[in-house]
Amino acid sequence: MNFTIVSRGDERSNKIKAKMKQYLIDFDLVYNHENPDLVISVGGDGTFLEAFRRYVDKLDTTAFLGVHTGHLGFYTDWTSNEIEKLVIEIAKTPFHVVEYPLLEVIIRFSGEEKSTRVLALNETTIKTVEGSVVFDVQIRGEHFETFRGDGLCISTPSGSTAYNKALGGGIIHPSLEAIQVTEIASINNRVFRTIGSPLILPKHHTFLLKPLRKDSFIIAIDHITKSYANVKSIQSRVAKERVRFVRYRPFPFWNRVRDSFVTEVKRED
Ligand code: NAP
Ligand code: MN
């Protein structure tokens, strides 16, 4: 089996990466960052987002695993002091895979520029540098509302515990194939009126934003933020691709939510 390891880059994560790499090679696994069957992320959820981004074009053949070197993460469930145990699992046990839904975003432009299609593991957020965004919002091709405000966040179920949660969105179990739309400070008056509450859209329902005033935006896909000009529309829906997580033991989603947000847990490392 081919594997690769993506480290957060701090000394501690790099040390764990080096240790795991050596152990796995000793077990006859092949370190190959071009075509890995298994991608191990060492760091935090942010590191996992980066590992996902690097292999987003190989989701069919790649499975992911996260080791955390800070606090418990949503994508990182192994602690750094379980490395030996984990390495033996990887080398000896055929892995069980759990799949989570992803968000597909298509940005189309008014000029010659080709449209771009991206997949997000957490979410996309659409904002502007100055002032507010104004969009005609369509759901399944029908006008829904005219949105004016700081921006919008469209998240996956596994991303629902990230930015979405801070915006008052609900937490969605990743077995549900859905996306969630949350508002970022909408302006509501006699001219502009928005629904106000988060919306949850099932598979195949498209959420389309058409700019009504300026057409330059700051669009973030997970941890990567870029600015785009001449935007004609931004379309979001549940992607046909899914991300595969390696599981050697159960760690139910609601337990992660509890341990991250409700129960005070002692740091294990
Ligand atoms: P960051 O600023 O370090 O991330 C903010 C926090 O979100 C970190 O504690 C990160 O965990 C955590 N996080 C990431 N994915 C999560 C998930 N699926 N569920 C729960 N928490 C999650 O930046 P980053 O590490 O590069 O992560 C980018 C993410 O930050 C974005 O995708 C967005 O969701 C989130 N974000 C949140 C806010 C907010 O809550 N107001 C604002 C902007 C961005 P680690 O410390 O383990 O990395
Ligand atoms: Mn981070």
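The values are calculated or read from the model by the stated rules, or taken from the named source; none is laboratory data. Since the structure is predicted, the reported quantities are computational estimates derived from the model, not experimental observations. Neighbour counts run over all protein chains shown; Cβ positions are idealised from the backbone, glycine included.
The residues of the range 168-178 that are assigned to a loop (DSSP other than H, G, I, E, B) and hydrophobic (A, V, I, L, M, F, W, C), listed by number, are 171, 172, 176. Can residue 72 be described as under 19 Å from the mean Cα position of the chain (by Cα), of a type in the set (A, V, I, L, M, F, W, C), surrounded by 15 or more Cβ atoms within 10 Å (Cβ to Cβ) and assigned to a loop (DSSP other than H, G, I, E, B)? Yes: the conditions hold for residue 72. Restricting attention to the range 74-96, the residues being under 19 Å from residue 53 (Cα atoms) and β-branched (Val, Ile, Thr) number 1. Does the range 138-157 hold any residues that are more than 23 Å from the chain's Cα centre (by Cα) and hydrophobic (A, V, I, L, M, F, W, C), and which are they? Residues satisfying the conditions are 144, 147. May I ask you to list the residues in the range 41-61 that are over 16 Å from the mean Cα position of the chain (by Cα) and crowded, with 20+ Cβ neighbours inside 10 Å? Answer for the range 41-61, where residues must be over 16 Å from the mean Cα position of the chain (by Cα) and crowded, with 20+ Cβ neighbours inside 10 Å: just 42.
Screening residue 165 against (1) part of a helix (DSSP H, G or I); (2) crowded, with 19+ Cβ neighbours inside 10 Å leaves a single unmet condition, (2). Check whether at least one residue in the range 82-98 is at pLDDT 95 or above, within 14 Å of the chain's Cα centre (by Cα) and either outside any helix (DSSP H, G or I) or crowded, with 18+ Cβ neighbours inside 10 Å (or both), and report yes or no. Looking for residues that are at pLDDT 95 or above, within 14 Å of the chain's Cα centre (by Cα) and either outside any helix (DSSP H, G or I) or crowded, with 18+ Cβ neighbours inside 10 Å (or both), one finds none in the range 82-98, hence no. If you check 73, 9, 46, 66 for being at positive phi, within 16 Å of ligand 1 (Cβ to nearest atom) and outside the structural domain of residue 162 (by the TED database), only one passes: 9.
Residues that are in a strand (DSSP E or B) and of a type outside the set (A, V, I, L, M) within the range 179-198 comprise 180, 182, 183, 186, listed in sequence order. Taking each residue of the range 31-48 that is touching a residue at least 60 places away in the same chain (Cβ under 8 Å) and looking for partners that are part of a strand (DSSP E or B) and away from ligand 1 (no atom under 16 Å from the Cβ) with beta-carbon atoms closer than 8 Å, six or more apart or interchain, yields 38/2; 38/3; 38/4; 38/63; 38/246.
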